[in-house]
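Accompanying notes for the structure given below.
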Amino acid sequence: RWQGGELSESLYIEQFDPDGEAIRRGGVFLEKQVCKAVFQTIYDARARRAGLETSPLFLEALAGWRERRLAAAYERQHQPQPGELVAESDLRRHYEDNLVRLYTSSGNADIEVIFIRCGSNAANREDCRARMDGYRERMEASGGAFAELVAEEKVVSGAANGSFPDVPLTSLAPELRRAVLSTPAGFTSPVVETPVGLFWIRVLRRTDPAPIPFESAKPHIRQILVKEAGSTWRAGGAARARAELDLGPALSEDACLAAAAVAEGLDREAEFLAAEREFIAWKLADLGFLADDEILPDDAEIAARIAGSGVGPSFRRFDIDLVIVAVDADRYAALDKAEAVHRALEGGADSADFGSIGGVERIAISSATSDDLQRISRQLAEKVLDLPEGGFAGPLAYPRGFVLPAAATGREEDSALPACMVFVLVRSSRMATVDEVRAKVRESFRNEITTVDRFTEAFGARWGFELLVGSEGIEPVAEEAAQGEGVR
């Protein structure tokens, strides 16, 4: 019960537990279900009184839910079963066609690397070769002080020198991978020359690539092919609906399938109508709760949360630049460009000019949150959080490219970037304002109400809420207690 209302056992069963499952299970499960019912009872009514069922926010959410739900219903009604979409012969063909690329373990190795950085200038390269010859001679003379040589060159040529355990062989450049695969464990490879420098590798341990058995790969293959076949069927179904219902080219696949579902009357079936009623009640309750200033953190509380967060990422905003180097078939040319970008950034990140490099794009992102950065790339977010203002990191490798959300860049659509290397520069960072995080903090407050105790605390303070539930069910409310002020 609470100020202005009461949820009795009979009413709870009628409205929220018609099959009696929660009553039968009792205990904490029942208590949680009752709390959810109280939440919905209070805030669904408040939302309706406030007219939120006609608000653009609610109507947009309902339209999106209906579209997704009806599209899924149409798929369930018409899409063939997975066994009909993909045959055993399809699985075997996919396995054989992709054995090397997908179904051979990458292999890995523990290696030590001496790397001498040098450019393409002939004289410079000769000096590098002479230095490497010196390392080899000292190695032979000392009988195995490879790690000391690695540490010595690391001071000059950087972090590519070192000891690297469990390196996936597929992560190595092709010429380095070939060198590792051709060198027995305990031995050193021939010196490998690349456009960026010279490599000498000692292989400590190696596990060679090996085919994954077909039976082990079959579940993964089935999942891929069923998904692909489902997508193909879905696109065809949407195209048929578009043509038969004259829907026009602008509608999405979901919208077309939903329209087909409506044409078949799936929106009038009892299961859909029940689910729609439940969605409406919960969505309105959610909106009603987020409009209740008396229970939500006020601006002073939000400001205190911001102040108490210190330098943590939760309330920080970052202005960053992404410097993107495209990677095409000429991988070495891309590495040269990345090295040129690195030198330009070292000369002054804010003022770095990449116009003379070619094939380099600089994209500005303003007021990004840590969540925004995570949506782009986890490794990008980690780098940004570790960088000071004016600092940069990179190159970060994205061999499959990545997607920049439109919201991050201010563009009209998401940007799908192909294979590339990325440098990130932090232009500035600051603490968010109360206005920027008010909605997020209030949603977080709602999401923190995950236990009966937390619910009782929050709703007790706001509504005088009392939970009268025992392990055997809901205890009857004493008649004299029900006579209190504001209790119906």
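Side notes on the structure shown:
- Shape of the stretch 255-400, Cα gyration tensor, a/c cut at 1.5: oblate
- Note on Arg131 and Arg343: with the Förster distance fixed at 25 Å, the Cβ-Cβ geometry gives a FRET efficiency of about 0.75.
- Potential lengthening between Phe279 and Ala185 on full extension [0.36 nm per residue; Cα-Cα distance subtracted]: 27.7 nm
- With K and R counted +1 and D and E -1, the other residues having a Cβ less than 15 Å from that of Arg92 yield a net charge of -2.
- Å² per residue, accessible surface of the chain at 1.4 Å: 54 Å²
- Considering only alpha-carbon pairs that sit under 8 angstrom and 6 or more positions apart, the relative contact order computed for the chain is 21 percent.
- The Cβ shell under 14 Å around Phe445 holds other residues with a net charge of -3, Lys and Arg each +1, Asp and Glu each -1.
- Helices assigned as whole DSSP H runs in the chain whose Cα atoms extend at least 18 Å along their own long axis and whose mean Kyte-Doolittle hydropathy is -1.0 or higher are found at 27-49, 56-78, 214-244, 270-290, 331-346.
- In nm, spacing of pseudo-spin labels at Gln3 and Glu88 (7 Å Cα→C-beta vector): 7.0 nm
- The fraction of accessible area contributed by carbon and sulfur in the chain is 51 percent, rounded to a whole number (1.4 Å probe; ligands and nucleic acids excluded).
- The local environment of Thr409, defined by Cβ-Cβ distances under 14 Å, has a net charge of -4 under the rule Lys, Arg +1 and Asp, Glu -1.
- [x] 24.3; [y] 29.1; [z] 26.2, with the label sought being that of the calculated Kirkwood radius over Cα pairs in Å: [y]
The values are calculated or read from the model by the stated rules, or taken from the named source; none is laboratory data. Treat the numbers as computed from the prediction; the structure is a model and nothing was measured. A quick note on method: Cβ atoms are made from the backbone with ideal geometry, for glycine too, and the neighbour counts reach across all protein chains shown. These area figures cover heavy atoms from the full protein model, side chains too; ligands, DNA and RNA do not enter into them. Shrake-Rupley method; radii C 1.70, N 1.55, O 1.52, S 1.80 Å.
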